[in-house]
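Asks: Please read through the structure below; I'll follow up with questions.
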Amino acid sequence: MYLDSLAKIAEEIKNCKLCELSKSRINPVPGEGPEDAEIVFIGEGPGAEEDRQGKPFVGAAGKLLNEFLKNAGIQRAHVFITNVVKCRPPRNRPPTDKERDLCKPYLERQLRLIKPKIICLLGNTAVQTLLGKKSVSSVHKRLIEKNGFNFISTYHPAAAIYNPKLKSIIQEDIVNIKMELERLKYSRDGT
Ligand code: URA
């Protein structure tokens, strides 16, 4: 029987040459977190620091994400964090449609294994790729069920570096994830 695992997917990503990003990357960034995570965060793609370390959200945007998680009482070690594309787009440009399409099966396999209760989409690229919607604004504050998963969308933490007003909005959205999680568990238990 064919048994998939996060380690197997990470190994395939390491050897992946499906698109041009594999040529310019230093390290692929498959994502990190436990296979039984209840929450998955999906960003756009690795930046320079992520490319260097092979880990997601470890640069400036990652520092902000850590702060949002801490303030919401969510332990980073308990969530799975990944991106739409697993290799850094040069000069941090958004990944092309082709790059997103070629990389998407890795993300779909990660989600099928983890079966998270909530997926938080960080920014427009994740919203476009997973929900087929144009921007965060069009789905903001809505819990959307699609393909058996529950999605919540917020602005990308990097956007808050340039627009500090977004900080409190993203923080509120991430606090809300915890409440939605409790609500979903409660309604499923029927208790
Ligand atoms: N921005 C992203 O979208 N992902 C990362 O991992 C880091 C920055």
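Asks: Normalised by the residues of segment 6-189, what does the relative contact order come to in percent, with Cα pairs under 8 Å and at least six apart? Present the calculation step by step, with values, prior to reporting the outcome.
Replies: Details: 317 pairs, mean separation 43.5, N = 184.
This gives 24 percent for segment 6-189.
Asks: What ranking do 153-160, 38-45 get when scored by the average of other Cβ atoms within 10 Å per residue, highest first?
Replies: 38-45, 153-160
Asks: Report the local net charge at G148: Lys and Arg +1, Asp and Glu -1, summed over other residues whose C-beta lies under 13 Å from its C-beta. Walk me through the intermediate numbers first.
Replies: Numbers: positive: R112, K115, K117, K146; negative: E108, E145.
Its environment carries a net charge of +2.
Asks: Taking a probe of 1.4 Å, how large is the accessible area per residue of segment 30-189, in Å²?
Replies: I get 49 Å² per residue for this part.
Asks: Next up: Using Cα-Cα distances under 8 Å and only pairs 6 or more residues apart, what relative contact order does segment 57-154 have, in percent?
Replies: 20 percent
Asks: For the pair I161 and A7, how long in nm is the line joining their label points, each one 7 Å along Cα→Cβ?
Replies: Each label point lies 7 Å from its Cα, and together they span 3.4 nm.
Asks: Need one word for the chain: rounded, prolate or oblate. Basis is the Cα gyration tensor (sqrt eigenvalues a ≥ b ≥ c); a/c below 1.5 gives rounded, then a/b vs b/c decides.
Replies: oblate
Asks: Considering only the other residues whose Cβ falls under 9 Å of the Cβ of L181, what net charge follows from Lys and Arg at +1 and Asp and Glu at -1?
Replies: Every neighbour counted, the sum reads +1.
Asks: Another one. Using the Cβ atoms and a cut-off under 10 Å, what net charge is assigned to the surroundings of I26, where Lys and Arg are +1 and Asp and Glu are -1?
Replies: Residues close to I26 contribute a combined charge of +1.
Asks: Give me the percent of the accessible area of the chain that comes from carbon and sulfur atoms, probe 1.4 Å, all protein chains in place.
Replies: Its accessible area is 53 percent carbon and sulfur atoms.
Asks: Out of all DSSP beta bridges with both ends in the chain, state the antiparallel percent to the nearest 5.
Replies: Percent antiparallel among DSSP bridges in the chain is about 25.
The values are calculated or read from the model by the stated rules, or taken from the named source; none is laboratory data. Keep in mind it's a predicted model, so treat the numbers as computed, not measured. With ideal geometry, Cβ positions are generated from the backbone for all residues, glycine too; neighbour counts draw on all protein chains shown. Just the protein is used for accessible areas: all its heavy atoms, side chains included, with ligands, DNA and RNA removed. Shrake-Rupley method; radii C 1.70, N 1.55, O 1.52, S 1.80 Å.
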